[in-house]
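Inspection log for the structure reproduced underneath, given as structure tokens.
The values are calculated or read from the model by the stated rules, or taken from the named source; none is laboratory data. All of these numbers come straight from a predicted model, not from anything done at the bench. Here Cβ is always computed from backbone atoms with ideal geometry, including for glycine, and neighbour counts include all displayed protein chains. Each accessible area value is taken on the protein alone, full model and side chains, heavy atoms only, with ligands, DNA and RNA left out. Shrake-Rupley method; radii C 1.70, N 1.55, O 1.52, S 1.80 Å.
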Amino acid sequence: NKNNAILIFCSTNAVFYGNLAPYDESSLPLPINEYGRHKCIAERIVMATNNYLIFRLILLYGWNYHARHNPVTMVIEELKNNKKMYMVKGASYINPLYVKNACEGIISAIKKEKNKEIYHLGGGDIVDRYELAIKTAEIFNLNKELIIPVNDDYYKMLSPRPYNTSYSTLKAQKELDFNAISLYDGLNKMKEEGYEKGII
């Protein structure tokens with residue numbers, strides 16, 4: 001506030017309960033796990049500042065050069081090592097977001113000098129974790145027979161996961177010229193980058 005700076009905060013789809021998708025920026029947050037509750041608290045703190053932008057990102061994928069695996073790089077790594085994967089089918093729906101696509105949306109908001117706004121950034125396709133893994137295997141020419149579909153209760157020891165927290169990105173498309181690219185396009189862009197960087 002002292003420096004009249006804009007605070008940019010990256011939030012999450014986990015602020016939503018998961019029963020009223022697709023969620024837009026006017027949807028009421030109602031988290032079902034501690035991670036989502038902490039993000040809700042953080043959002044309220046951010047909105048108490050004079051200048052802010054909140055970007056609710058959803059499951060991000062892309063190459064992780066110095067970080068832990070994301071759901072796509074994990075699939076690539078496991079299938080390369082011929083390991084079976086047990087992926088939830090029929091629950092935990094999201095519209096996965098290619099990380100460079102997310103960056104484009106954030107940079108656009110900065111350049112357009114947006115302020116005191118919330119934007120939902122997500123990809124163009126709604127899938128569950130099993131469908132995401134299958135599509136990854138197809139694009140990267142890996143053995144999708146190693147991907148085993150399981151019910152949501154297979155991972156019942158983990159924190160509760162919302163059923164469907166997919167986004168409507170219409171506001172970002174209209175105000176930021178955000179292009180919610182398809183999962184097919186995002187994975188292919190990632191594949192091209194992998195060849196360029198010598199990762200694959």
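Quick look at the numbers
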| quantity | calculated |
| --- | --- |
| In segment 113-148, the residues that are open to solvent by 60 Å² or more (accessible area, probe 1.4 Å) and more than 21 Å from the chain's Cα centre (by Cα) | 113, 116, 141, 143, 144, 145 |
| Selection status of residue 177, at pLDDT below 95, charged (D, E, K, R) and either touching a Ser or Thr at 6+ places or on another chain (Cβ under 9 Å) or open to solvent by less than 60 Å² (accessible area, probe 1.4 Å) (or both) | no |
| Matching entry among 53, 57 (being in contact with a Cys (Cβ under 9 Å, 6 or more places away or on another chain) and crowded, with 19+ Cβ neighbours inside 10 Å) | 57 |
| Single condition residue 86 does not satisfy, out of (1) touching a strand residue (DSSP E or B) at 6+ places or on another chain (Cβ under 8 Å); (2) closer than 30 Å to residue 53 by Cβ; (3) surrounded by fewer than 17 Cβ atoms within 10 Å (Cβ to Cβ) | (2) |
| Of all residues in segment 165-200 being without any contact (Cβ under 8 Å) to a residue 12 or more places away in the chain and over 17 Å from the mean Cα position of the chain (by Cα), the one that is farthest from residue 131 (Cα to Cα) | 174 |
| Of residues in segment 18-39 being part of a loop (DSSP other than H, G, I, E, B) and among the acidic types (Asp, Glu), the one farthest from residue 109 (Cα to Cα) | 24 |
| Where a residue in segment 40-67 is farther than 20 Å from residue 181 by Cα and assigned to a strand (DSSP E or B) and its partner, wherever it lies, is among the basic types (Lys, Arg) and open to solvent by less than 60 Å² (accessible area, probe 1.4 Å), with Cβ under 9 Å and at least six apart | 53/114 |
| Segment 1-13 residues that are closer than 14 Å to residue 107 by Cα, paired with ones that are assigned to a strand (DSSP E or B) and of a type in the set (D, E, K, R) (beta carbon under 9 Å, 6 or more apart) | 10/56 |
